[in-house]
Amino acid sequence: MGKVYIFDHPLIQHKLSIMRDKSTGAKEFRELLEEISMLMVYEVTRDLPTEETEVETPICKTTTRVLSGKKVGVVPILRAGLGMVDGVLKLIPAARVGHIGLYRDPETLEPVEYYCKLPVDSENRELLVLDPMLATGGSASAAITFLKQRNCHNIRLVNLIAAPEGIERVRKDHPDVNIYVAACDEKLNEHGYIVPGLGDAGDRLFGTK
Ligand code: PRP
Ligand code: URA
């Protein structure tokens, strides 16, 4: 069964509290999401394999370690996942970026797919699926199914805030996938919004409401 990691680092929690505040504007919201994504990816990648290499410093030759194994791919779920990409790329600049376009039908809460473009070698990469909100889990689960249909099986899900319902859904549908979140909130409301959450992440990020 996939593991669920909840990051209780003080910096992450502090920045997330500012993001939750409804008076925080789009500019600050965007900057904070980027910063938290960067802090999270530091931990998300903790178990990536490394190998020895030889380096000549100005003083002498030495043996040191570099990343080995699979290269990383980043897959934001449009739109709100876009807000996490730059933070991840700051730490893993060589990562390729794929995009999956999904929106949640406001009536049925079911994900509707409208776009998919992945790097050609995605199946050989360690993929980080990015979306700030894991609510019912429908969007994340559909995105992961989508990747698996394209032969991608090394997948980690990275969310800012999750509802227990969303975590349960992804764990049930994709027991092989680890989930990394900055906070697990109380519940969903009748409109499928996370409580207390931070509202509509896409709208707050892009100033569309
Ligand atoms: C939000 C969010 C997730 C989805 C989560 O996107 O960014 O993708 O809802 O909900 P779920 O877990 O119940 O599927 P939204 O559909 O609002 O689209 P947007 O990113 O384009 O605003
Ligand atoms: N999507 C959001 O942007 N926010 C929520 O609380 C739930 C789904």
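The values are calculated or read from the model by the stated rules, or taken from the named source; none is laboratory data. All values derive from a computational prediction rather than experimental measurement. Backbone-built Cβ (ideal geometry, glycine too); neighbour counts: all protein chains shown.
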Completion exercise
Across segment 88-145, the tally of residues that are in a loop (DSSP other than H, G, I, E, B), within 14 Å of ligand 2 (Cβ to nearest atom) and crowded, with 18+ Cβ neighbours inside 10 Å stands at 5
Completion exercise
Taking segment 195-208 and the residues there that are within 12 Å of ligand 1 (Cβ to nearest atom) and closer than 18 Å to residue 165 by Cβ, the one that is nearest to the chain's Cα centre (by Cα) would be 201
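Listed here are the residues, each with its yes/no results for (1) over 21 Å from residue 19 (Cβ atoms); (2) of a type outside the set (S, T, N, Q); (3) within 12 Å of ligand 1 (Cβ to nearest atom).
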| position | (1), (2), (3) |
| --- | --- |
| 135 | no, yes, yes |
| 141 | yes, no, yes |
| 150 | yes, yes, no |
| 153 | yes, yes, no |
| 160 | no, yes, yes |
| 174 | yes, yes, no |
| 184 | no, yes, no |
| 188 | no, yes, yes |
| 193 | no, yes, yes |
Practice task
Taking residue 200 as the residue in question, decide whether it is surrounded by fewer than 17 Cβ atoms within 10 Å (Cβ to Cβ), in contact with a Gly (Cβ under 8 Å, 6 or more places away or on another chain), over 18 Å from residue 6 (Cβ atoms) and at pLDDT 95 or above.
Solution key: no
Practice task
Have a look at 83, 87, 69, 137 and point out the one that is touching a residue at least 60 places away in the same chain (Cβ under 8 Å) and among the small types (Gly, Ala, Ser).
Solution key: 83
Practice task
Output yes when any residue across segment 20-41 is at pLDDT below 95 and out of contact with any Ser or Thr (no Cβ under 7 Å at 6 or more places or on another chain), and no when none is.
Solution key: no
